[in-house]
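Okay, structure first, notes after.
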Amino acid sequence: MRIPSLVIGDLKAAIPIVQGGMGVGISRSGLAGAVANCGGIGVISSVQIGFDDPDFEKNSEAANQRALRKHIRRAKEISPNGIIGLNIMVAVNNYDATARIAVEEGIDLIISGAGLPMSLPGLVEGSNTKIAPIVSSGKAAKVICKMWDKKHNRIPDLIVVEGPEAGGHLGYSLDDLNNNNKDLAQIVIEVIEEIKPYEEKYGRKIPVVAGGGVYTGKDVAKYLKLGAAGVQIATRFIATEECDADIKYKMEYLKCKKEDIEIVVSPVGMPGRAIKNVFMKNIKKKSENEKISRCYNCLKPCNPKDTPYCISKALINSVNGNVDQGLLFTGSNGYRLNKIVKVKDLIDEIITECGKEAE
């Protein structure tokens with residue numbers, strides 16, 4: 001079996017791998033550009049992308065906007081013929097402005113989750129930018145298709161299905177995550193089935209990408225055989241030379257054991273998966289919430305007065321290498337990382353294994 005390309009309208013990725021967006025600052029232009037250069041889809045994370053801008057503390061919004069333009073341009077310079085995407089969380093306060101800037105800069109694809117991206121079609125109208133919601137159920141995929149069809153006369157160009165084994169903020173209840181009530185393979189099948197009426201109405205396929213716990217070439221082959229058009233891989237790209245994070249950040253994953261990974265609840269009430277470290281232990285010990293001296297106005301549900309800690313500060317500490325004072329989001333397979341490699345070597349390994357599995 002020949003490994004298929006991932007076709008999204010007039011975009012064609014030779015390798016059916018979407019590199020998942022990781023913030024703050026884990027996947028910026030360095031990683032995204034390298035993945036795109038190898039034929040996959042490189043994805044920049046928009047959340048607090050300007051964290052290292054000199055003006056960030058005084059004016060984070062302006063710093064983020066400058067950095068967003070800079071990293072989209074730089075990724076395109078690294079991979080002038082590759083496909084560059086941007087991940088924007090629906091829950092961020094500057095969602096509309098971020099999407100519009102990305103369109104102005106010619107981003108190829110916007111991937112959007114942590115909520116239902118109902119306004120996204122209007123934000124890219126008149127452009128060539130493709131749009132992809134992230135869903136965690138067939139029901140969510142159906143709702144988005146129905147609303148986009150009704151309000152914008154269009155359907156998604158791509159759908160990313162994130163299963164419960166993913167890292168970062170997750171679209172599942174704590175009960176589902178703790179008791180393994182959800183299975184990515186089954187959700188992918190449900191999504192493919194739910195979107196069929198909209199594919200028939202518009203006369204085109206909506207490619208579905210499976211993500212969350214995808215680690216090996218064997219995993220890739222599994223989801224391709226189920227009918228997925230590709231996969232999303234995030235955590236495994238942390239242990240690459242091109243990953244934009246500090247080396248101290250990467251080393252925490254190489255040291256991580258399976259029992260070091262647990263489900264946490266972020267300050268905005270969303271469950272996530274992270275590596276147990278000094279920061280997490282200290283948060284659990286505290287009887288009072290952290291005093292927030294500086295609000296970065298990042299997430300809509302967050303209130304500095306009652307949040308247990310500032311998630312922006314925690315993630316910025318991590319990417320800068322101050323790992324004992326930071327939050328380390330990870331997928332369920334983070335403990336399997338054991339060495340730092342080049343992006344090309346990682347992708348070659350995954351694709352070679354996938355090809356053997358598919359034979």
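List of remarks:
- Some residue of the range 226-233 being modelled with pLDDT of 95 or more, more than 17 Å from the chain's Cα centre (by Cα) and assigned to a helix (DSSP H, G or I): yes
- Of the candidates 132, 114, 140, the single residue that is out of contact with any helix residue (DSSP H, G or I) (no Cβ under 7 Å at 6 or more places or on another chain) and either hydroxyl-bearing (Ser, Thr, Tyr) or closer than 18 Å to residue 17 by Cα (or both) is 132.
- Residue 130 vs. criteria over 27 Å from residue 84 (Cβ atoms), modelled with pLDDT of 95 or more and of a type in the set (D, E, K, R): no
- Being of a type in the set (D, E, K, R) and free of Cβ contacts under 8 Å to residues at least 24 places away in the same chain holds for only one residue in 150, 182, 130, and it is 150.
- The range 309-359 - residue that is of a type in the set (Ser, Thr, Tyr) and part of a helix (DSSP H, G or I) and, of those, surrounded by the fewest Cβ atoms within 10 Å (Cβ to Cβ): 352
- Test: residue in the range 163-173 that is at pLDDT below 95, assigned by TED's automatic domain parsing to the domain that holds residue 114 and among the hydroxyl-bearing types (Ser, Thr, Tyr): yes
- The conditions of being hydrophobic (A, V, I, L, M, F, W, C), in a loop (DSSP other than H, G, I, E, B) and outside the structural domain of residue 14 (by TED's automatic domain parsing) are not met by residue 264.
- Strands (runs of 3 or more DSSP E) fully within the range 1-82 that include at least 2 residues being out of contact with any Leu (no Cβ under 8 Å at 6 or more places or on another chain): 6-8.
- In the condition set (1) surrounded by fewer than 20 Cβ atoms within 10 Å (Cβ to Cβ); (2) within 17 Å of the chain's Cα centre (by Cα), residue 152 is compliant with all but (2).
The values are calculated or read from the model by the stated rules, or taken from the named source; none is laboratory data. Here the structure is a predicted model, which is why all the values come from computation and not from measurement. Don't worry about glycine lacking a Cβ; one is built from the backbone with ideal geometry, like all the others, and counts go over all protein chains shown.
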